[in-house]
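One structure is given here, and the rest of the page talks about it.
The values are calculated or read from the model by the stated rules, or taken from the named source; none is laboratory data. Bear in mind that the values here come from a model prediction, so they are computed numbers and not experimental data. Every residue, glycine among them, receives a Cβ derived from its backbone with ideal geometry; neighbour counts consider all protein chains shown. Side chains are part of the model used for accessible areas, which takes the heavy atoms of the whole protein and leaves out ligands, DNA and RNA. Shrake-Rupley method; radii C 1.70, N 1.55, O 1.52, S 1.80 Å.
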Amino acid sequence: RPRPAPPRPASLPHRAPHKMAAPALGRRCGGAAGLRGGLRRALLPAPLPAPRPLHERAPRSRSSAGLLAAQCERGLFQEVFPGQGAEEQLAALLEPGRPPVTAYCGFDPTADSLHVGHLPAVAALLHFQRAGHNVVAVVGGATARLGDPSGRVRAREPVAAARVRAHARALRLCLWRLFENHRRLLWAPGPGGPGLGRAEVLDNARWLGRQPLLGFLCGAGGRLRMGTLLSRQGCRERLRSAEGMSLAEFVYPALQAYDFLHLHRRRGCRVQLGGADQMGNIMSGYELVTKMTGTDVFGITVPLITSTTGDKLGKTAGNAVWLNRDKTSPFELYQFFVRQQDDIVEKYLKLFTFLPLEEIAHIMEMHAKEPEKWGPQKRLAAEVTKLVHGTEGLESAKRCTRALYYSSVEALEAMSDQELQELFKQAPSAELVLEPGMSVLDLCRKANAIQDGPSGYQKITDGGVSVNGIRVTNPETVLILGQHILKNGVSLLRVGKKNYYIIKWLQL
């Protein structure tokens, strides 16, 4: 049922329009959460103190540091809006012992799955929830029809309404899975600490789809200023380009701002979270809510995840690592994080996991002594895979790793058909009937893995063929159950270094 927006707490000081409050958050966490770059210079002219290395700071518990400062130390919270006194006000609002706050973050269904680039925003919601606050994940079933112009040099390709609805359903399921895996596997309440806050997953098509155009323009549209929208750099660049900017793209920030207003009125939402490229949309939401309700609300941005070449990870760049199993398997997700270099793994441990900072520091200290064990990378991969795919997904990833990189027969025997297909996506598969006296040469020929004639025979004698990780050099070797044919009725044939063939045996 609709609930009135909560009144602004009397204990929080109201912002003076042209007076900057002391940067309290900057003092508490070394300035890492202060506004940066051009936006920082525009909103907070006075520079915040330079951050100190983590080991120079006195250890602080999560409760004593406060949510804002604690996530600043992790590098998860980057910018706070508005700049004038927002850090001090928001830090006071989120102090332990105060009533829970509601925060939200939006996810447009431009694809049927979230990807690794969305994980910082999801982690930010989960950290709010772990501190006892309520969180809302909003799937943009309505706004995705228009396309977010933020950071884009050209308009998105239009997507059919039915496809957007299908994508939105998939994203809602993905978000619920992340919330549930976190609650079941990664959350353990501390003694005397806050309980886990409430989590909701909503679709903005529920309210924007029923919003009359004239009603929207006369209400929210009358409070948003054209000058603010036109002053943004991305908007100016698009308007000057040859392609220009459509009206649909131009009003996208207004619709996202209405999301904030709706959630503030219905859920008492006070905080909007978003990627670092969403500051313009967050500013629109702040402007609309404060003008129409008079309540202080806030925006927090989280870092963008980029590739080694500096490109933003995502569908558009073609480098997305997806969070749905049918697009990126648990093994592939696990290996993505295992392959991270030393200069980035500590940052990712802080961003993507819920390990205490003291434990992360210890993991990195042990890594300095034993770098060959890749301890931080394996711990990072395990924590993220557990969040995304649960315990079963993590075990599947480890099983596939042992089978592929350690030639573990036990792991191969325990693998399901789904795991075999995920691990060897490009591998041809064949169904064969075991005949008496069938040899390795017969197997290779029936699977079309080698050429007929002397060259195929020579391939085996040269050691270029292995069955279930065991190299075979005698082409006439007879296939043996339990060795060449596993208990699950499968043989993994490899020819050369990278050519795999999956053999499924019938009528054993």
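Computed values, structure above
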read-out: Every pair of residues 6+ apart whose Cβ atoms lie under 9 Å, when the first sits in the stretch 432-450 and is closer than 19 Å to Gly496 by Cβ while the second is hydrophobic (A, V, I, L, M, F, W, C) and surrounded by fewer than 16 Cβ atoms within 10 Å (Cβ to Cβ); value: Val440/Val478
read-out: Any hit, the stretch 138-159, residues being aliphatic (A, V, I, L, M), open to solvent by 40 Å² or more (accessible area, probe 1.4 Å), modelled with pLDDT of 90 or more and closer than 30 Å to Ser113 by Cα; value: no
read-out: Residues (in a helix (DSSP H, G or I), in contact with a Leu (Cβ under 6 Å, 6 or more places away or on another chain) and either at pLDDT 75 or above or not aliphatic (A, V, I, L, M) (or both)) located in the stretch 221-254; value: Tyr252, Ala254
read-out: Given (1) open to solvent by less than 10 Å² (accessible area, probe 1.4 Å); (2) small (Gly, Ala, Ser); (3) assigned to a helix (DSSP H, G or I), number of the condition Ser113 does not satisfy; value: (3)
read-out: Flag for Glu200 being of a type in the set (D, E, K, R), touching a strand residue (DSSP E or B) at 6+ places or on another chain (Cβ under 9 Å) and open to solvent by 20 Å² or more (accessible area, probe 1.4 Å); value: yes
read-out: Thr295, sole failed condition from (1) in contact (Cβ under 8 Å) with a residue 40 or more places away in the chain; (2) in a helix (DSSP H, G or I); (3) not basic (Lys, Arg); value: (2)
read-out: Condition met for Glu419 (touching a strand residue (DSSP E or B) at 6+ places or on another chain (Cβ under 9 Å), touching a residue at least 60 places away in the same chain (Cβ under 8 Å), under 25 Å from Arg325 (Cβ atoms) and among the acidic types (Asp, Glu)); value: no
read-out: 1 or more residues crowded, with 18+ Cβ neighbours inside 10 Å and at pLDDT 95 or above: qualifying helices (runs of 4 or more DSSP H) within the stretch 333-422; value: 342-352, 357-369, 375-405
read-out: Residue within the stretch 496-504 that is in contact with an Asp or Glu (Cβ under 7 Å, 6 or more places away or on another chain) and of a type in the set (A, V, I, L, M) present; value: no
read-out: Test: residue in the stretch 75-86 that is at pLDDT below 95, open to solvent by 10 Å² or more (accessible area, probe 1.4 Å), under 24 Å from Val321 (Cβ atoms) and touching a Gly at 6+ places or on another chain (Cβ under 7 Å); value: no
read-out: Check on Thr306, free of Cβ contacts under 8 Å to residues at least 12 places away in the same chain, among the polar types (S, T, N, Q) and surrounded by fewer than 19 Cβ atoms within 10 Å (Cβ to Cβ); value: yes
read-out: Options Ala320, Ala257, Ala276; residue that is without any contact (Cβ under 8 Å) to a residue 40 or more places away in the chain and either among the small types (Gly, Ala, Ser) or open to solvent by 40 Å² or more (accessible area, probe 1.4 Å) (or both); value: Ala257
read-out: Hits in the stretch 169-195 (condition: modelled with pLDDT under 95 and within 30 Å of Thr290 (Cβ to Cβ)); value: Pro194
read-out: Residues satisfying the stated conditions in the stretch 171-186, i.e. of a type in the set (Phe, Trp, Tyr) and open to solvent by 40 Å² or more (accessible area, probe 1.4 Å); value: Trp176
read-out: Restricting the stretch 240-254 to residues that are more than 19 Å from Leu224 (Cα to Cα) and not polar (S, T, N, Q), the residue that is surrounded by the fewest Cβ atoms within 10 Å (Cβ to Cβ); value: Ala242
read-out: Failed condition for Thr353, given (1) under 18 Å from Gln71 (Cα atoms); (2) in the same structural domain as Arg98 (by the TED database); value: (2)
read-out: Which listed residue, of Gln507, Gln451, is modelled with pLDDT under 95, open to solvent by 80 Å² or more (accessible area, probe 1.4 Å) and either over 22 Å from Glu413 (Cα atoms) or touching an Asp or Glu at 6+ places or on another chain (Cβ under 6 Å) (or both); value: Gln451
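For (1) of a type in the set (D, E, K, R); (2) under 30 Å from Gln418 (Cβ atoms), each residue gets a yes or a no:
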{"position": "Tyr334", "(1), (2)": "no, yes"}
{"position": "Phe337", "(1), (2)": "no, yes"}
{"position": "Gln341", "(1), (2)": "no, no"}
{"position": "Glu346", "(1), (2)": "yes, no"}
{"position": "Trp374", "(1), (2)": "no, yes"}
